[in-house]
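**Q** Before I ask anything, here is the structure I am working with.
No value in this document is a laboratory result; all are computed from the given coordinates. A quick note: this is a predicted structure, and the numbers were derived from the prediction, not measured. A quick note on method: Cβ atoms are made from the backbone with ideal geometry, for glycine too, and the neighbour counts reach across all protein chains shown.
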Amino acid sequence: MWKVQLFKLNYDAQESEAVKDVVDSGWITMGEKTKEFESKFSNMLGNNIYATAVSSGTASLHMALLGLGIGSGDEVIIPALTFVADINVVKMVGATPVLADCSSYSNWNISAETIKTQITPKTKAVVVVHYGGYPCEMDKIVTLCKRRGLYLIEDVAHAPDAKYKGKACGTFGDYGCFSFFTNKNLSVGEGGMLITKNKQLAKRAREFRSHGMSALTLDRHRGRAISYNVSNVGLNYRIDEMRSAIGLVQLKKLKDANRKRGYLVDRYIKKLSSIKEISIPFQNIKNIEPVYHIFPILLSPNIDRVWLINRLKRVGIQSSIHYPIFKEFTAFKDLNLNSAPIAEDIARRELTLPLYPTMSFSDIDYISDSLSKILEKEVV
Ligand SMILES: Cc1ncc(COP(=O)(O)O)c(C=O)c1O
């Protein structure tokens with residue numbers, strides 16, 4: 001149906017073989033592959049990092065809030081422009097979400113300045129999201145959180161291996177939460193990783209992941225344990241061996257795939273910069289090494305976004321929106337969420353164009369030329 005779809009998996013025979021090997025091994029629940037995935041993933045990010053592979057990015061965010069003891073009576077500052085998982089988990093633990101606005105129209109991430117205005121005596125934590133794979137200005141955010149005694153959680157769903165001042169995103173705060181959902185830079189279908197440098201927080205993460213049990217099924221299978229203790233309450237947020245095996249293959253491909261995304265974005269910028277009805281955020285930001293998870297553009301206010309999406313669809317180009325604002329969802333109508341004017345305006349005008357590492361320059365040229373023609377109303 002699509003000439004260029006929004007996202008395509010960067011898979012080949014290696015992923016299939018990895019799954020087959022696991023199935024053939026006879027051990028499919030969390031075990032050695034998961035350990036290897038955790039170890040290689042944390043090595044990519046730096047030294048002395050504890051990584052806990054889990055069933056989704058949302059699970060990792062939920063575990064981070066639980067691990068920090070956040071609950072009823074606490075406020076958690078989250079970006080106004082992000083995926084619904086960030087607000088859902090805050091609500092799920094009984095805390096109150098408070099929204100921080102985007103830094104500006106050219107940098108859609110939250111900043112120390114936009115966080116600071118939302119801090120109250122009840123604020124317990126800040127969740128930052130490295131939107132689109134573009135790192136937030138972490139040194140100022142870390143300083144602010146330290147000074148005000150706030151926990152810092154990084155939602156790194158868009159940014160595996162992105163860096164701020166040479167340091168990996170996810171390693172700045174108390175917990176870093178990664179997603180390996182299908183459309184992510186590292187995709188296993190459903191999966192995630194919770195990382196921390198704090199041994200105690202890592203221990204809690206392990207407990208939450210697997211019912212608070214002191215021994216895994218694998219330990220009992222191998223005869224390393226006969227029974228187990230339940231040291232704390234927990235959930236079942238485990239990943240399985242098939243997904244960890246895919247994760248290992250995807251991890252090997254990640255740096256190269258992220259680099260290719262960068263070349264494609266450069267091409268987009270070159271092709272689109274002359275179209276006056278659109279602007280491209282996150283250009284010329286200092287100190288960052290982005291990983292280009294999505295390619296968002298901002299339409300000028302006179303463009304009807306639904307009209308444009310439908311016109312693009314007619315010529316076989318899939319597009320999307322990142323993100324609708326929370327206030328418009330039924331679940332959050334009675335929350336009385338604070339306003340975030342820049343994020344709300346961006347949310348109404350943002351359009352996401354296709355981006356994935358196996359795309360070609362001619363795909364980009366086709367999208368850019370189509371967009372240009374449509375906006376000149378040549379294609380009806
Ligand atoms: C910014 C952000 N946070 C959290 C998530 C949740 O991750 P998952 O779908 O793995 O639960 C996603 C993506 O789906 C996301 O884009």
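**Q** Express the relative contact order of the chain as a whole percentage, based on alpha carbon pairs under 8 Å and six or more residues apart in sequence.
**A** 23
**Q** What is the Cα convex hull volume of the stretch 1-109 when expressed per residue in Å³?
**A** 205
**Q** According to the square roots a ≥ b ≥ c of the eigenvalues of the Cα gyration tensor, what is the shape class of the stretch 55-107, taking rounded for a/c under 1.5, prolate for a/b larger than b/c otherwise, and oblate for the remainder?
**A** Cα axes put the stretch 55-107 in the oblate bin.
**Q** How would you rank 247-256, 40-49, highest first, on the average number of other Cβ atoms within 10 Å across their residues?
**A** 247-256, 40-49
**Q** Name the residues whose placed amide hydrogens come within less than 5 Å of the amide hydrogen of Lys163, ignoring near sequence neighbours (fewer than 5 apart) on the same chain.
**A** Close amide H contacts, sequence-distant or interchain: Cys169, Glu289.
**Q** Show me 88-94, 182-188 ranked by packing, highest mean number of other Cβ atoms within 10 Å first.
**A** Descending packing order for the listed peptides: 182-188, 88-94.
**Q** In the chain, what % of DSSP beta bridges are antiparallel (nearest 5)?
**A** Counting only bridges with both partners in the chain, antiparallel ones make up about 55 percent.
**Q** Could you list the GluC sites (Glu not before Pro) in the stretch 299-380 that lie in coil according to DSSP, counting only those with at most 16 other Cβ atoms within 10 Å of their Cβ?
**A** Glu376, Glu378
**Q** What value, in deg cm²/dmol to 500, does the helix sum -39500 (n - 2.57) over DSSP H runs of n ≥ 4 give at 222 nm once divided by the residues of the chain?
**A** Rounded to the nearest 500, the figure is -12000 deg cm²/dmol.
**Q** Hey, another quick one. Using amide H atoms built 1.01 Å from N in the peptide plane, name the residues 5+ places from Thr123, or on other chains, whose amide H lies under 5 Å from its own.
**A** Amide H neighbours of Thr123: Glu75.
**Q** In terms of modelled amide H atoms, which long-range or inter-chain residues lie less than 5 Å from the amide H of Thr29?
**A** Glu241
**Q** Let me ask something else. Starting from the stretch 142-181, pick out the trypsin sites (Lys or Arg not before Pro) whose DSSP state is loop and whose Cβ has at most 16 other Cβ atoms within 10 Å.
**A** Lys165
**Q** So what are the three principal axis dimensions of the stretch 254-375 from its Cα atoms, in whole Å, longest to shortest?
**A** Principal axes ranked by extent give 46, 36, 24 Å for the Cα atoms.
**Q** Still on this structure, please answer the following. I need the P(r) histogram for the stretch 136-290: all alpha carbon pairs, bin width 5 Å from 0 out to the longest distance, whole percents.
**A** 2, 8, 12, 15, 16, 15, 12, 9, 5, 3, 2, 1, 1, 0
**Q** Still on this structure: So for the chain, Kirkwood radius off the Cα pairs, Stokes-Einstein at 10 °C and 1.306 mPa s: how many µm² s⁻¹?
**A** It diffuses with D of about 73 µm²/s by this estimate.
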